[in-house]
Each structure stands twice: as C-alpha cells, then as structure tokens.
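These notes concern the structure reproduced below.
The values are calculated or read from the model by the stated rules, or taken from the named source; none is laboratory data. As the structure is a computational prediction, the values presented were derived from the model and not from experiment. Positions of Cβ are backbone-derived with ideal geometry, glycine not excepted, and every protein chain shown enters the neighbour counts. Accessible surface areas use protein heavy atoms only, side chains included; no ligands, DNA or RNA. Shrake-Rupley method; radii C 1.70, N 1.55, O 1.52, S 1.80 Å.
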Amino acid sequence: MIRVYAWRQADRCRLFVLGHANSGAERDIVCAGVSALTGALVFQAVQSEYCRHTRYRMAPGEIFLSCRGLGDGFETVISGLTAIARQYPAHLQIENAS
C-alpha cells in the first residue's frame with residue numbers, strides 16, 4: 001500500500017509519500033504512476049525560480065517535499081494521484097495532512 005499525505009496552505013505545500021504497492025501488474029502501474037507524478041513535482045520544485053525554502057528527500061519507498069511558491073503543479077499532481085487512487089484503492093490511499 002502506498003500512502004500519500006498532502007497539505008497546502010496559501011503558497012506553502014508539503015507532500016509525503018510512503019510505501020510500495022509491491023509487485024504484480026496493477027501494483028506496477030500504481031508504483032509507476034505515483035513515482036512519475038511525484039518525481040516530476042520534486043523536479044519542478046527544485047528547478048523553479050519561484051519555489052523557495054525547498055526541502056526534499058527521495059529514497060526507495062519514500063518521497064518528501066516541502067516548499068513555498070510551487071503554484072498549480074501541486075494541485076495537478078494531487079489530481080493525478082487521486083485518479084490513480086480511485087482506480088486502485090487497494091494500492092493507494094491519499095490523506096490531507098495537517
């Protein structure tokens with residue numbers, strides 16, 4: 001199971017992704033989708049001239065991102081993750097973290 005904790009307030013956002021969907025065709029699709037979306041978001045935050053106070057960590061089974069000024073990219077990624085979670089609820093869970 002992959003768990004996503006997402007939080008946004010004004011221009012500040014945090015994303016924490018933890019776990020693996022393990023193996024198998026459905027699970028590989030989930031892992032690939034989550035990795036692609038969250039990896040792209042981290043890349044955008046690191047490369048963007050608008051993001052400030054960017055902190056991130058990427059390790060097997062764990063992604064953390066915290067920054068200010070990310071813009072609409074955060075909502076786009078959360079929308080993509082939500083679509084995956086609706087299709088594969090046994091493998092991906094999203095929570096709003098405080």
* If ligands, DNA and RNA are left out, what is the accessible area of Phe43 with a 1.4 Å probe, given in Å² to the nearest 10? -> 140
* Asked: Which angle between 0 and 90 degrees, to the nearest 10, do you get for helix 25-47 versus the longest principal axis of the chain when only C-alpha atoms count?
  -> 10
* For Leu92, distant residues with modelled amide H under 5 Å away -> Ile2
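Ignoring ligands, DNA and RNA, please state the percent of accessible area on the chain from carbon and sulfur, probe 1.4 Å.
52
Just to be sure I understand: of the beta bridges DSSP finds with both ends in the chain, what percent are antiparallel, rounded to 5? Write out the running numbers ahead of the final one.
Numbers: 21 of 26 bridges.
Of all bridge pairs located within the chain, approximately 80 percent are antiparallel.
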* **Helix 73-87 axis, angle to the chain major axis (alpha carbon atoms, nearest 10°)** => 10
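Per residue, what accessible area does the chain have, given a 1.4 Å probe and all protein chains present, in Å²?
59
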* Leaving ligands, DNA and RNA out of it, work out the accessible area of Arg52 with a 1.4 Å probe and give it in Å² to the nearest 10. => 100
* Once every DSSP H run of n ≥ 4 in the chain is given -39500 (n - 2.57) and the sum is divided by its residues, what mean residue ellipticity at 222 nm do you get, rounded to the nearest 500 deg cm²/dmol? -> -13000 deg cm²/dmol
* Report the convex hull volume per residue for the chain, counting only C-alpha atoms, in Å³. => 79
* Structure fact -> For the pair Arg8 and Glu26, the simple spin-label estimate (label points 7 Å beyond Cα toward Cβ) gives in nm 2.9
* **Per-residue ³J(HN,Hα) for the stretch 61-68, Karplus 6.51 cos²θ - 1.76 cosθ + 1.60, θ = phi - 60°, Hz, x for Gly and Pro** => x, 7, 9, 10, 9, 9, 6, 10
